[in-house]
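Just below is one structure, and these are the notes that go with it.
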Amino acid sequence: MASVTIRDVRKAYGSAQVLHGIDIDVVDGEFVTLVGPSGCGKSTLLRMIAGLEEISSGDIEIGGQRVNELAPKDRDIAMVFQNYALYPHMTVAQNMGYSMKLRRASKEETAKAVQEAARILALEPLLERFPKQLSGGQRQRVAMGRAIVRDPKVFLFDEPLSNLDAKLRVQMRAEIKELHQRLKTTIIYVTHDQVEAMTMADRIVVMHDGKVEQIGRPLDLYDHPANLFVAGFIGSPAMNFIQGTVNNGQFQTAEGSTLPLPQSAKVTEGTLITYGIRPEHFRIDPAGQPVRVQVVEPMGSETQLVAKLGTLDLTCLFRERVDPKPGETITLTVDREQVRLFDRVTGMAI
Ligand code: ADP
Ligand code: MG
């Protein structure tokens, strides 16, 4: 096990700057996810940690040792990719034991390590099969088994579940999390899926356009996003954003609708702000603002509505059963202490 320190790391491909100074401290044994939209630089950063990509400037340390110039094989890491990259002509057992063969470990030692990984991942009945005789989920498990057999200081995962169907993805998500709880090895896990990032990680690094937007525990990011980007990226359905100003101690939209501000909000009259409210923080209240229901999506455990406040679309989520009809007008208020305010110009949380 080892910590991973990333210090002012930059990457340019020719004149194209893709990482603009990344600082991350991954604690020994921690599960950290790097999350952000496609193209924001997650894979590039992970590949730099693995040693598969040169570092333009900055430092990367693994277990306190600077590894900038260290070859991938000497970094004591194991990487699992989206496209498993199994050897087609080798059995599951041979695929899993290959790193030990390269290391010239004895047959007995290799068999023992493969057995142990196969037991952890429930792969024992499949050890003599070839990759083409496996389902997507089983192949993914073999790729993980191969990483476990290496017994690395750090696991690096790059979107390992993207090729699986939704149900299997949820199952594998739980398996990887459980695996981490058992092995307690440091994991850096890349995904573009914020649900995956939220559910698996001890801490999340939100990336955007080659920069870190915020680092924190999943629920801290959800409750206290540092800026509009994080607020909009974390959470599904996404936070509603409404533009307006502060008027008479209330929030007022351009069309004149009013919504309450948090009691403690430090905003002066006339300030231009973006008002952020999560879908689950609306309540039906006779004293609220009238909104016109557009779409009703009953999901059983909850009901999602799209409703218009003036010309603005709001997404609302109710845990209790509500049954309005499209076209109907209902009155909504918000849980004011859950409202998040952002500076209209900088996008930073107020
Ligand atoms: P992510 O994994 O977050 O989707 P990547 O790290 O793959 O993003 O890519 C980040 C940016 O770097 C993208 O704009 C991509 O086009 C660019 N990029 C990645 N690899 C190369 C390369 N070998 N040459 C030039 N540009 C690259
Ligand atoms: Mg990628």
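The values are calculated or read from the model by the stated rules, or taken from the named source; none is laboratory data. Please read these numbers as outputs of a predicted model, since none were measured by experiment. All Cβ positions, glycine included, derive from the backbone under ideal geometry; neighbour counts span all protein chains shown. Accessible surface areas use protein heavy atoms only, side chains included; no ligands, DNA or RNA. Shrake-Rupley method; radii C 1.70, N 1.55, O 1.52, S 1.80 Å.
Quick notes
- Calculated [θ] (222 nm, deg cm²/dmol) that DSSP helices of n ≥ 4 give over the chain, each run adding -39,500 (n - 2.57): -7500 deg cm²/dmol
- Centroid-to-centroid separation of the stretch 272-306 and the stretch 20-83 [C-alpha atoms, Å]: 41
- Simple label model, 7 Å out from Cα along Cβ direction - Gln304 to Leu102, nm: 4.3
- A crude spin-label estimate for the pair Glu128 and Asp28, with each label 7 Å from Cα along the Cβ direction, gives 4.3 nm.
- Using a probe of 1.4 Å on the protein chains alone, the accessible area found for Met79 is around 30 Å².
- Filter on Lys11/Lys153; Lys73/Lys153; Lys11/Lys211; Lys73/Lys107 - keep pairs with C-alpha separation over 18 Å: Lys11/Lys153; Lys73/Lys107
- Rounded Å value of the spacing that divides the Cα centres of the stretch 154-217 and the stretch 329-347: 30
- Residues of the chain: accessible area per residue with a 1.4 Å probe, Å²: 48
- Under a 5 Å amide H cut-off, with hydrogens placed 1.01 Å from N, Val18 pairs with Lys11, Ala12, Tyr13 among residues at least 5 apart or on other chains.
- Dipole moment magnitude, nearest 20 debye, the chain about Cα centre, only Lys, Arg, Asp, Glu C-beta charged: 1020
- Largest to smallest principal axis extent of the C-alpha atoms in the stretch 175-276, angstrom: 56, 28, 22
- Computed E for Val195/Met348 - FRET, C-beta separation, R0 30 angstrom, nearest 0.05: 0.75
- The chain - percent of accessible surface contributed by carbon and sulfur, probe 1.4 Å: 50
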